[in-house]
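The values are calculated or read from the model by the stated rules, or taken from the named source; none is laboratory data. All figures in this text were calculated on a predicted structure; none of them were measured in a lab. Cβ placement follows ideal geometry from the backbone for every residue including glycine, while neighbour counts extend to all protein chains displayed.
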Amino acid sequence: MDFTRILLVGVGGFLGSIARYVTVRSIDVRLNQIFPFGTLTVNVVGCFLLGLIAGLAARQGIGDTWKAFLGAGFCGGFTTFSAFALENTTLFTDRMSGMALIYIGASVAAGIVAVLLGLWCARIL
(Lines give C-alpha, C1' and ligand atoms only; values in the text may rest on other atoms or scores of the structure.)
Protein backbone atom coordinates (compact mmCIF):
# COMPACT_ATOMS: atom_id res chain seq x y z
CA MET A 1 0.00 0.00 0.00
CA ASP A 2 1.07 3.52 -0.77
CA PHE A 3 1.53 5.37 2.55
CA THR A 4 1.26 8.79 0.87
CA ARG A 5 -2.12 7.91 -0.65
CA ILE A 6 -3.38 6.58 2.69
CA LEU A 7 -2.26 9.80 4.39
CA LEU A 8 -4.02 11.89 1.72
CA VAL A 9 -7.25 9.93 2.22
CA GLY A 10 -6.97 10.71 5.94
CA VAL A 11 -6.37 14.41 5.31
CA GLY A 12 -9.28 14.48 2.84
CA GLY A 13 -11.51 12.74 5.38
CA PHE A 14 -10.44 15.23 8.05
CA LEU A 15 -11.35 18.17 5.80
CA GLY A 16 -14.58 16.52 4.66
CA SER A 17 -15.65 15.84 8.25
CA ILE A 18 -15.05 19.45 9.22
CA ALA A 19 -16.98 20.64 6.15
CA ARG A 20 -19.83 18.26 7.04
CA TYR A 21 -20.01 19.47 10.64
CA VAL A 22 -20.01 23.16 9.65
CA THR A 23 -22.58 22.61 6.89
CA VAL A 24 -24.98 20.53 8.99
CA ARG A 25 -24.79 22.90 11.96
CA SER A 26 -25.24 25.98 9.78
CA ILE A 27 -28.33 24.56 8.09
CA ASP A 28 -29.92 22.94 11.15
CA VAL A 29 -29.54 26.11 13.25
CA ARG A 30 -31.52 28.05 10.65
CA LEU A 31 -34.20 25.40 10.07
CA ASN A 32 -36.33 23.21 12.29
CA GLN A 33 -34.97 20.30 14.28
CA ILE A 34 -37.64 17.81 13.17
CA PHE A 35 -36.43 17.08 9.62
CA PRO A 36 -32.66 16.59 9.19
CA PHE A 37 -32.14 19.11 6.37
CA GLY A 38 -28.42 19.49 7.10
CA THR A 39 -27.66 15.80 6.67
CA LEU A 40 -29.86 15.61 3.58
CA THR A 41 -27.92 18.55 2.12
CA VAL A 42 -24.47 17.07 2.71
CA ASN A 43 -25.57 13.71 1.33
CA VAL A 44 -26.88 15.28 -1.88
CA VAL A 45 -23.91 17.65 -2.28
CA GLY A 46 -21.52 14.78 -1.51
CA CYS A 47 -23.20 12.62 -4.18
CA PHE A 48 -22.87 15.47 -6.68
CA LEU A 49 -19.20 15.97 -5.83
CA LEU A 50 -18.46 12.26 -6.11
CA GLY A 51 -20.21 12.15 -9.50
CA LEU A 52 -18.25 15.19 -10.64
CA ILE A 53 -14.95 13.66 -9.46
CA ALA A 54 -15.75 10.34 -11.17
CA GLY A 55 -16.71 12.11 -14.38
CA LEU A 56 -13.62 14.30 -14.40
CA ALA A 57 -11.42 11.32 -13.60
CA ALA A 58 -12.85 9.42 -16.56
CA ARG A 59 -12.67 12.40 -18.90
CA GLN A 60 -9.45 14.07 -17.89
CA GLY A 61 -7.66 11.14 -16.30
CA ILE A 62 -6.89 12.60 -12.90
CA GLY A 63 -4.53 10.37 -10.99
CA ASP A 64 -5.44 7.72 -8.45
CA THR A 65 -3.92 9.87 -5.70
CA TRP A 66 -6.32 12.74 -6.40
CA LYS A 67 -9.26 10.34 -6.72
CA ALA A 68 -8.36 8.85 -3.34
CA PHE A 69 -7.97 12.27 -1.69
CA LEU A 70 -11.17 13.75 -3.12
CA GLY A 71 -13.36 10.64 -3.39
CA ALA A 72 -12.59 8.27 -0.54
CA GLY A 73 -11.14 11.06 1.60
CA PHE A 74 -13.11 14.28 1.31
CA CYS A 75 -16.42 12.84 0.06
CA GLY A 76 -16.14 9.91 2.46
CA GLY A 77 -15.72 12.32 5.36
CA PHE A 78 -18.34 14.74 4.05
CA THR A 79 -21.24 12.38 3.37
CA THR A 80 -23.04 10.99 6.34
CA PHE A 81 -25.01 7.87 5.62
CA SER A 82 -24.31 6.50 9.08
CA ALA A 83 -25.96 9.63 10.50
CA PHE A 84 -28.71 9.17 7.91
CA ALA A 85 -29.40 5.65 9.20
CA LEU A 86 -29.42 6.77 12.83
CA GLU A 87 -31.72 9.73 12.12
CA ASN A 88 -34.18 7.48 10.32
CA THR A 89 -34.10 4.97 13.15
CA THR A 90 -34.85 7.82 15.55
CA LEU A 91 -37.73 9.06 13.38
CA PHE A 92 -39.21 5.53 13.29
CA THR A 93 -38.69 5.08 17.04
CA ASP A 94 -40.38 8.44 17.67
CA ARG A 95 -43.35 7.20 15.64
CA MET A 96 -42.67 9.60 12.78
CA SER A 97 -42.70 6.95 10.08
CA GLY A 98 -44.08 9.30 7.42
CA MET A 99 -41.26 11.78 7.99
CA ALA A 100 -38.72 8.94 7.88
CA LEU A 101 -40.10 7.63 4.58
CA ILE A 102 -40.03 11.13 3.07
CA TYR A 103 -36.44 11.55 4.24
CA ILE A 104 -35.39 8.17 2.83
CA GLY A 105 -37.09 8.81 -0.50
CA ALA A 106 -35.74 12.35 -0.83
CA SER A 107 -32.21 11.27 0.06
CA VAL A 108 -32.09 8.38 -2.38
CA ALA A 109 -33.79 10.19 -5.27
CA ALA A 110 -31.88 13.45 -4.83
CA GLY A 111 -28.60 11.56 -4.37
CA ILE A 112 -29.01 9.68 -7.64
CA VAL A 113 -30.01 12.87 -9.47
CA ALA A 114 -27.02 14.69 -7.96
CA VAL A 115 -24.58 11.98 -9.13
CA LEU A 116 -26.06 12.17 -12.63
CA LEU A 117 -25.80 15.97 -12.54
CA GLY A 118 -22.18 15.73 -11.40
CA LEU A 119 -21.38 13.33 -14.24
CA TRP A 120 -23.14 15.66 -16.71
CA CYS A 121 -21.23 18.70 -15.39
CA ALA A 122 -17.96 16.81 -15.76
CA ARG A 123 -18.75 16.22 -19.44
CA ILE A 124 -19.31 19.91 -20.19
CA LEU A 125 -16.24 21.21 -18.34
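Here is how the numbers come out for the structure above:
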{"quantity": "Restricting segment 72-88 to residues that are crowded, with 16+ Cβ neighbours inside 10 Å and modelled with pLDDT under 90, the residue that is nearest to Ala114 (Cα to Cα)", "calculated": "Thr80"}
{"quantity": "Check on Phe69, surrounded by 14 or more Cβ atoms within 10 Å (Cβ to Cβ), aromatic (Phe, Trp, Tyr) and in contact (Cβ under 8 Å) with a residue 60 or more places away in the chain", "calculated": "yes"}
{"quantity": "Residue list for segment 85-122, restricted to those being in a helix (DSSP H, G or I), over 21 Å from the mean Cα position of the chain (by Cα) and not β-branched (Val, Ile, Thr)", "calculated": "Phe92, Ser97, Gly98"}
{"quantity": "Residues satisfying the stated conditions in segment 3-38, i.e. touching a residue at least 60 places away in the same chain (Cβ under 8 Å) and either closer than 20 Å to Leu117 by Cα or not β-branched (Val, Ile, Thr) (or both)", "calculated": "Arg5, Leu8, Gly10, Gly12, Gly13, Phe14, Leu15, Gly16, Ser17, Arg20, Phe35, Pro36"}
